[in-house]
Structures are given as structure tokens and as C-alpha cells.
1. Filtering segment 203-228 down to residues that are part of a loop (DSSP other than H, G, I, E, B) and touching a residue at least 40 places away in the same chain (Cβ under 8 Å), which residue is nearest to H75 (Cα to Cα)?
2. From the list A70, A100, A89, A132, which residue is at negative phi and in contact with a Ser or Thr (Cβ under 7 Å, 6 or more places away or on another chain)?
3. Checking A87 against (1) surrounded by fewer than 15 Cβ atoms within 10 Å (Cβ to Cβ); (2) within 23 Å of L202 (Cβ to Cβ); (3) at pLDDT 95 or above, which single condition isn't satisfied?
4. Quick one: in segment 158-202, which of the residues that are of a type in the set (D, E, K, R) and at pLDDT 70 or above is farthest from A147 (Cα to Cα)?
5. Spot the failing condition for G42; the list is (1) over 20 Å from the mean Cα position of the chain (by Cα); (2) surrounded by fewer than 18 Cβ atoms within 10 Å (Cβ to Cβ); (3) farther than 28 Å from T120 by Cβ, and only one is missed.
6. If I filter segment 121-142 for residues that are part of a helix (DSSP H, G or I), closer than 19 Å to M218 by Cα and of a type in the set (A, V, I, L, M), do I get at least one hit?
7. Go through segment 88-105 and give me each residue that's of a type in the set (A, V, I, L, M, F, W, C) and either touching a residue at least 12 places away in the same chain (Cβ under 8 Å) or outside any helix (DSSP H, G or I) (or both).
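The values are calculated or read from the model by the stated rules, or taken from the named source; none is laboratory data. Quantities reported herein were computed from a predicted structural model and do not represent experimental measurements. We place every Cβ from the backbone using ideal geometry, glycine too, and count neighbours over all the protein chains shown.
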Amino acid sequence: MSTGTAAAHFGAGPLSRACALVHTLLTVEVLLLLTVAPGGLGLLLLGGAPGTLPLAALCLVPLGPALAAALYALHHRSHDLTELRPARAYLRGLRLNSAAALRLWVPLLAWLTVIAYTLTHFAATGLPGWWAGLLALTGVGAVLWGANSLVLLALFRFRTADTARLAAYFMLRRGGATVGALSALVVAGAATLWFTEVLALLLAPLLLLSLLRTSRPMITETAEEFTA
């Protein structure tokens, strides 16, 4: 076997692909944690009191760009062990997508904070009980819309308004992506409630990779129908 043929086959086998995936996931995990570390420390200092929800939301602002960068890096990951550059891809995604992510993430975070604050102080509102269910359902819908938005803004260069409209359009058009986002939300919520927020962050790369896979029809249709 020639040297060129051996080089072509090195890093292309199943074990090498698995190692490449693990390396990418771990690298993205570390970089994501570093990106959100300042806000994470703020959350630890705040504790879990309902009255601190607005401050907690401020601490979560870096999470939006971090998730977009992680999605970008995972989407552009190499399957070849000899061509791994996940850190470079993450940093490029952070540079390209941070502004767009903040334009969608901050309003979403503000809306979710209003919903969460209302639910934690619901007895004081005087509203009928069914309003609590409606607010919770609205919050879940907003998170699912946010998941679609993060995928779209991480992989495509649209105006903010167009990304928002496409994210809402695909919630109904591509139910598989919505179900995938809902599954990731359930896992993250369960990890947070039963264990700790740190576990949800540790699982983030796997959940985002799963989100990308269930969003493939949405990504394909966006590339074919809405890009030149």
C-alpha cells in the first residue's frame, strides 16, 4: 500500500470517527462552559430565590451566543481524525453569530423571565388557575421557537426578522424538528430539576447534536428554498 493510500485511510475508520466525535464534543463542552462561566458564577451567587429571576436572566445572556457557536461547531465538525479543528470552528461561530444570537436571545430571555416571574408569584396576580397553564404552554412554545431560531442563525445568514419568521414557520412545517427540540428541552429540564443546572450544561453538546440531527429536514429545506 502506498504512503498516499495509507494516509487517505488513516482516521477514516469507525473507531477514528468515534474518537473524532468524542474529541469534538469535549472541546465544544469546555469552550461552552468557558463562555458562560461569568454568568454561571453569578447564578451560583444569586441562589434560587424567585425574586432574583431578572438578575438570573442577565446572567444567562452569554448562553445564547454560546449555544449558537456550539451548534455551528458541531454542524461543521469533521469526521476525519486527522482534520479536527473544533476549537477553531467554535470560535468562528462565536464571532460570526454572537450579534445575531443576542438580537433574538435577549428578547426571548426577557419574555421567559416575565412568564417565570408571573408563575412564581401567581397567587398574587388574582388570575384564574387556567392562566398558569396557558402561561406555561406559552413558555414552552417560546423555547421551541428559540431552538429553531438558534439553529437557523447559527447556520445561515438571514436578517433577524427573517430568522424569527422562519423559526415560527418551521415549528408547524417541520414537526420532527419541534419534537426533537421538545425532547432536548425535557432532558435538560429533568437534569436541572432532579440533579443540577451543571448537569444540563454538561449534556449540552449531546443535546445540541441531537437537535441538529432532528433539524436536518429544516436545514435542508432552508438551504434549498430560502438561500440563493
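1. S215
2. Of the residues listed, the single one that is at negative phi and in contact with a Ser or Thr (Cβ under 7 Å, 6 or more places away or on another chain) is A100.
3. For A87, the exception is condition (3).
4. This residue is R159.
5. Answer for G42: the failing condition is (3).
6. yes
7. If the condition is that a residue be of a type in the set (A, V, I, L, M, F, W, C) and either touching a residue at least 12 places away in the same chain (Cβ under 8 Å) or outside any helix (DSSP H, G or I) (or both), then A89, L91, L94, L96, A100, A101, L102, L104, W105 are the ones that fit.
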